[in-house]
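What follows is a single structure, written as structure tokens, with notes after it.
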């Protein structure tokens, strides 16, 4: 993997080049952490990849400017901070006696102190819940559509909702528990489809459309609101 820095619309952005053995074309994407990723096909060259990126200058400029306008959630959470849970925004609340916290319908154990950043405490609770619920839901969907899953890992990925290894092991981002159930299901089905097509070929997307009709609505939700989570 090679990387470089670019000036795009007055901002310094990172660009990484990653070769993929099954890629057929050069592909440029903007990851959720703000890093541009250029995927090279197996026989592609770095020189051609840089030329391809240069031709995408207008597209990169538009993405950087759109990202700069996005309202980002607060990094620190306090009582009253709005937090997504199952696709709805709820304020963090504390009962009058301080014996517990609530996030909408979810009751959380009390934090050690309400004077500090509550985010680590709340995220630990959400991650523990996700570690139980997400593998169970993944297995339910796998059985429904005839997939065989060899392993499920719930992880804290910084810029990916999920991934599927060549060995058939799914890695799922715990933040999925913050998304609407139908959007969460789409991402799980998306990764399950990779068990049959470990790429993003037309055959893969046909499989996604077959097992998750109307998945485009979930994609639109992710583009509009996913930045509040990752």
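Throughout, read-outs are computed from the coordinates displayed, never taken from laboratory work. Source: prediction; values computed, not measured. We place every Cβ from the backbone using ideal geometry, glycine too, and count neighbours over all the protein chains shown.
Quick notes on this structure:
- Helix 46-55 vs. the chain, principal-axis angle (Cα, 0 to 90°, nearest 10): 70
- Global geometry of the range 138-230, whether rounded, prolate or oblate, following the gyration tensor of its Cα atoms and the 1.5 cut on a/c: oblate
- Relative contact order (%) - the range 62-152, alpha-carbon pairs under 8 angstrom, separation at least six: 18
- Per residue, the chain reaches -12000 deg cm²/dmol at 222 nm when only DSSP H runs of four or more residues are counted, each adding -39500 (n - 2.57).
- Note on 61, 223, 75: ascending count of other Cβ atoms within 10 Å places them as 75, 223, 61, the fewest first.
- Relative contact order %, the chain, counting alpha carbon pairs below 8 Å whose residues are six or more apart: 14
- The long axis of helix 57-69 is offset from the longest Cα principal axis of the chain by roughly 10 degrees.
- Taking the DSSP bridge list for the chain and keeping only pairs wholly inside it, about 70 percent are antiparallel.
- Which of 35, 64 has the fewest Cβ neighbours within 10 Å, and the rest in rising order: 35, 64
- Of 198, 92, the sequence from fewest to most neighbouring Cβ atoms within 10 angstrom is 198, 92.
- Of 209, 68, 142, the residue with the greatest mean-square motion in the GNM of the chain, using alpha carbon springs below 10 Å, is 68.
- Relative contact order (%) - criterion: Cα under 8 Å, at least six apart; region: the range 47-105: 18
- Once the Cα atoms are used to define both axes, helix 215-225 deviates from the longest principal axis of the chain by about 70 degrees.
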